[in-house]
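What follows is a set of notes on a single structure, which appears directly below.
Every read-out reported here was derived from the displayed coordinates using simple, explicitly stated rules and does not represent laboratory data. Fair warning: this is a prediction, and the values are worked out from it, not measured in the lab. In this analysis, Cβ positions are derived from the backbone assuming ideal geometry, glycine residues included, and neighbour counts consider all displayed protein chains.
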Amino acid sequence: MSAQEVLDREFLEIRARILKIAASLDRIERSDSPPADPARMALIREGLELLLKDSPGRAKNVQLLFSLPYSPDWPAALGVPVGKKG
Amino acid sequence: MDYFDPHIHMVSRTTDDYATLARMGCVGMSEPAFWAGFDRGSAESFRDYFRQLTEFERSRAAAYGIAHYTWLCINAKEAENVSLSREVIAMIPEFLDRPNVLGIGEIGLNKNTKNESIVFLEHLELAAKFDELILIHTPHLHDKYPGTRMILDMLQGDSRLQPQRVLVDHVEEHTIGEVLDRGFWAGMTLYPVSKCTPARAADMVEQFGTERLCVNSAGDWGPSQPTAVPNFIFEMRRRGHSEATIRRVVYDNPLAFFSQCRRFHFQPRA
Ligand SMILES: [Zn+2]
């Protein structure tokens, strides 16, 4: 499919999703205190900014943004014997 | 199109679901042992569950012309209880010669804890000892990325285990590359809320190709869609992919993976 065909297929869906996010953010803003968790609000802002970057792999980058980090030293940190078999 | 659902929990579904799936082209499925929604009180409870998976579900599926296969383990959530897990792992060999058992699964991590890792390694020991295939559950949401990498570290830490005999399920955009690059099979789970949509699964097929890649519904007792694989087939057709490409992902690939099990004898439709 051409880019135009994909856009024709996706345009209304993208519009609907942007509206959904806009309404969700409005809903949070007009709600009572205590205010929403600033760390999670910052994550949402960062996620939205990622979409505007002119680079492929947006889905992967959003996934990584909302992920905990991986540390290769985890076996020692947890005290689990890894890599001693076979 | 005939298809296999390589990950679905039919003990949580109705007989009407079997009828619907059969009408949509499902000819085979594999059902990993998993969490019942509550922690079970004893190993005997698992013995009954394994009988259900190897006896009752198999005959319920057969009534609709669906070949039912299964995987045995104690799931990652209940693995937090190490002593119960050890009792269950010790019991599994009693069931390993049953004709519809494909191997050990779905084992993996849930919250990436020490106890889950210990029980995961003990399941790997069991699989290596009996030369069984392995089906992996990877954690959800923010735990998925570190959890998947921890699982791959443990699998690769045991040189007795061959990556082509392991299927890693619930991969998404940030984990699929690593799983395939290291030679494992990968499964994309189509789920209405927390996992992957048919469109995103089709995107990953377009980016990573069809080799060692499967799709499944992981239909269970929660919000899920047992008919998710036909939805994926429909999405692929809408995008103009060939029937051969689609069939490779939903039929040829699961069959090729399962065929590595010495007990697997599937009779394709004439
Ligand atoms: Zn499952």
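Neighbouring Cβ atoms from other chains, within 10 Å of the Cβ of residues in B:169-177, number 3 on average. Among the GluC sites (Glu not before Pro) within the stretch B:145-252, those in coil by DSSP and having at most 15 neighbouring Cβ atoms inside 10 Å are B:Glu211. Dipole of the stretch B:100-253 computed with +1 at Lys/Arg Cβ and -1 at Asp/Glu Cβ about the Cα centre; of B:Val101, B:Leu152, B:Thr175, farthest Cα towards the positive end is B:Thr175. With coordinates expressed along the principal axes, the C-alpha atoms belonging to the stretch B:188-270 extend over 36, 33, 25 Å, beginning with the largest.
What are the trypsin sites (Lys or Arg not before Pro) within the stretch B:203-262 that DSSP puts in a loop, where the Cβ has at most 12 other Cβ atoms within 10 Å? The qualifying sites are B:Arg262. Within chain A, the whole DSSP H helices whose Cα atoms reach 20 Å or more along their own axis and whose mean Kyte-Doolittle score is at least -0.5 are A:3-29, A:38-52. Modelled spin labels at B:Asp97 and B:Lys111, positioned 7 Å past Cα toward Cβ, are 4.0 nm from each other.
Partner shielding of B:112-120 amounts to 3, given as the average count of beta-carbon atoms from other chains within 10 Å of each residue beta-carbon. Residue by residue along B:146-157, Cβ atoms of other protein chains within 10 Å of the local Cβ number 4 on average.
The alpha carbons of chain A stretch over 54, 48, 19 Å along the principal axes, in descending order. Set against the 2.2 N^0.38 Å expectation for a compact globular protein, the stretch B:3-258 has a Cα radius of gyration ratio of 0.94. Peptides A:72-82, B:47-57, B:145-155, A:5-15 ranked from most to least packed by the mean count of surrounding Cβ atoms within 10 Å: B:145-155, B:47-57, A:72-82, A:5-15. Estimated from helical segments only, the mean residue ellipticity of chain A at 222 nm is -20500 deg cm²/dmol, where each DSSP H run of four or more residues counts as -39500 (n - 2.57). Relative protection proxy for A:41-48, B:4-11, from highest mean packing down: B:4-11, A:41-48 (other beta-carbon atoms within 10 angstrom). Helical content alone sets the calculated 222 nm signal of chain B at -11000 deg cm²/dmol, taking -39,500 (n - 2.57) per DSSP H segment of four or more residues and averaging over every residue. Which pairs, out of A:Lys60/B:Lys111; A:Lys20/B:Lys144; B:Lys114/B:Lys195; B:Lys77/B:Lys144; A:Lys20/B:Lys111, put more than 23 Å between their alpha-carbon atoms? Violating the 23 Å limit, Cα to Cα: A:Lys20/B:Lys144; B:Lys114/B:Lys195; A:Lys20/B:Lys111. Ranked by the mean number of other Cβ atoms within 10 Å of their residues, highest first, the peptides B:122-135, B:82-95, A:27-40 fall in the order B:122-135, B:82-95, A:27-40.
Fully extending the segment from B:Thr15 to B:Gln225 would add 74.1 nm, taking 0.36 nm per residue of separation and subtracting the current Cα-Cα distance. Looking at the P(r) of the protein assembly as shown, how many percent of alpha-carbon pairs lie beyond 41 Å? Value for the protein assembly as shown (Cα pairs over 41 Å): 13 percent.
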